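Structure first, then comments.
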Amino acid sequence: MNQKWDGIERRKSLRAKAEAMVASLSPQGPSNKHTEVLLHELLVHKVELEMQNEELRNTHIALAQALERYADLYEFAPVGYISIDQDDTISEINLAGTSILGIERSKLTHSRFSKLIAPQDSDDWYRWFHKMMASATTETHSFGIHMLRADGSVFNAHLDCLRRESTDSQSALRIAFTDISQTKRAEPG
């Protein structure tokens with residue numbers, strides 16, 4: 001079912017469907033007996049709950065499938081994705097990011113992103129980072145920077161950064177990065 005749950009109208013719709021189902025199961029002819037009315041209401045309510053449960057199961061399945069697609073797209077994207085908190089600590093990184101850097105995820109999470117910046121750009125990184133975290137804007141900012149791989153080699157990286165507020169009102173920075181060393185080497189001059 002692809003109907004959106006919209007409160008009162010959706011509840012009335014479920015109630016009408018449940019009434020119709022119960023009516024087809026109940027003996028024909030009106031009854032004024034209090035017990036029969038209560039039993040009828042209970043049966044309608046039971047059917048209604050079963051229909052709601054079925055909708056919830058279908059929604060849960062659709063949500064699980066969407067989450068799986070998201071995880072695949074995030075993990076196997078052709079760019080690295082990193083989330084860092086306001087203390088410059090990496091909270092998340094995708095597989096592409098670990099591959100570009102040549103460092104295991106477990107060694108990257110909870111470490112400082114600034115340790116991945118080459119010494120010649122560390123001052124620029126700190127200035128830019130503090131400016132982004134203090135800014136109220138949520139615009140994407142892009143720039144080039146030199147980064148370090150696990151083996152100590154330096155590569156040219158292009159960063160696209162977006163500042164976000166997390167659920168606990170803490171600022172976080174989402175970074176998409178790519179290795180542009182080959183492009184830089186191919187540039188004239």
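Read-outs throughout are calculated quantities, based only on the coordinates presented, and are distinct from any laboratory measurement. This structure is a prediction, so every number in the text was calculated from the model and none was measured. So basically every Cβ, Gly included, is an ideal-geometry build from the backbone, and we count neighbours across all protein chains shown.
Over region 76-186, all Cα pairs binned in 10 Å intervals from 0 give whole-percent P(r) values of 15, 50, 31, 4, 0, listed from short to long.
When shorter helices are ignored and each DSSP H run of at least 4 residues is given -39500 (n - 2.57), the per-residue value for the chain at 222 nm works out to -15500 deg cm²/dmol. Both numbers refer to the Cα atoms of the chain; Rg and Dmax are 27.9, 95 Å.
Amide H contacts for Asn94 (H built 1.01 Å from N in the peptide plane; partners 5 or more residues away or on another chain; cut-off under 5 Å): Tyr81. When the GluC sites (Glu not before Pro) in region 44-151 are filtered for DSSP coil states and for at most 15 other beta-carbon atoms within 10 Å of their beta-carbon, the remaining sites are Glu104, Glu139. Each of the trypsin sites (Lys or Arg not before Pro) that DSSP puts in a loop and that has at most 12 other Cβ atoms within 10 Å breaks the chain; the longest unbroken stretch is 34-189. Once the Cβ-Cβ distance of Trp128 and Leu67 is raised to the sixth power relative to R0 = 22 Å, the FRET efficiency obtained is 0.10. The 3J(HN,Hα) values that the Karplus relation (6.51, -1.76, 1.60; θ = phi - 60°) gives for region 53-60 are, in residue order, 4, 4, 4, 5, 4, 5, 5, 4 Hz. Gly and Pro appear as x.
About its Cα centre, the dipole of the chain is roughly 200 debye, where the only charges are +1 on Lys and Arg Cβ and -1 on Asp and Glu Cβ. Once the Cα atoms are used to define both axes, helix 122-134 deviates from the longest principal axis of the chain by about 30 degrees.
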